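Undergrad: Please read through the structure below; I'll follow up with questions.
Only the coordinates and a few stated rules stand behind these numbers; no lab work does. From a predicted model like this one, the values you see are computed outputs, not experimental measurements. We place every Cβ from the backbone using ideal geometry, glycine too, and count neighbours over all the protein chains shown.
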Amino acid sequence: MAGVYFEEATEVKEIAEELIDKYHPHLKDAKNLIGYYFREGSSDWAGKAKKCTAFERFVTEKMLFVFINAEAWNAMKHDQRVALVDHELCHFARKSFKDIDPKTGDWIEKYEPADKADSWSIREHDVEEFSDVIKRHGLWDTGIEKFAAAVREADYQMSLEDVEREERKLRAVK
């Protein structure tokens, strides 16, 4: 019988919590409000980030969900899994404001309450473009320029050749 099934994803949660501590300060006090699930069943995506509906919040006491396609996850190397989880966490945006730290006098970012639905939103991708358009027209949009700069400044580049080489190694071992 074909269907769609969900299972808690503790491995995804462990990776996410490390990433939150390193890169996502707006999620630090909301770790217990994020649900992580593997999705079994046919799908054309590797991961999805979702803000919970009122009903989902009522049933689960979660504010946010990360869904990971189990088939895609099983085909990925560890570095790819970490990148996927980081990608999904980047979709979670939270209202914030600047305030003065009474101890230092510096401006600090403070976040709206984690348990309030209106504090959260889903952030869209910084860049949505076809490589063909970039080849023909270059970095025509500021979002694409920022993306290209981030690529150039990255400490590590996981190339398609790296992925293919690792896949060949795995096939050879089997």
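Undergrad: At ASP115 and GLU14, where each label point lies 7 Å from the Cα along Cα→Cβ, what is the point-to-point distance in nanometres?
TA: For ASP115 paired with GLU14, the spin-label model returns 2.9 nm.
Undergrad: Can I ask one more? Please go through segment 85-169 and write out the GluC sites (Glu not before Pro) that DSSP classes as loop and that have at most 16 other C-beta atoms within 10 Å.
TA: Filter output for segment 85-169: GLU124, GLU128, GLU129.
Undergrad: Mean-square fluctuation check for the chain, GNM, Cα pairs under 10 Å: which of LEU160, LEU89, LEU19 is largest?
TA: LEU160
Undergrad: Distance between the C-alpha centers of segment 1-26 and segment 38-103? Whole Å please.
TA: Each part's Cα centre sits 7 Å from the other's.
Undergrad: If you scale each eigenvalue of the Cα gyration tensor by 5 and take the root, what three semi-axes come out for the chain, rounded to whole angstrom and sorted largest first?
TA: So the equivalent ellipsoid measures 30, 25, 17 Å along its semi-axes.
Undergrad: Select from ALA16, ALA114, ALA154 the residue whose mean-square fluctuation is largest in a Gaussian network model of the chain (Cα-Cα springs shorter than 10 Å).
TA: ALA154
Undergrad: I would also like to ask the following. Express as a percent, rounded to the nearest 5, the fraction of DSSP beta bridges in the chain (both residues included) that run antiparallel.
TA: Approximately 75 percent, going by the DSSP bridge assignments.
Undergrad: Which residues among segment 126-160 fall inside the zone where the amide N is under 20 Å from a point 7 Å beyond the Cα of ALA93, along Cα→Cβ?
TA: Zone members listed by number: 126-129, 141-148, 150.
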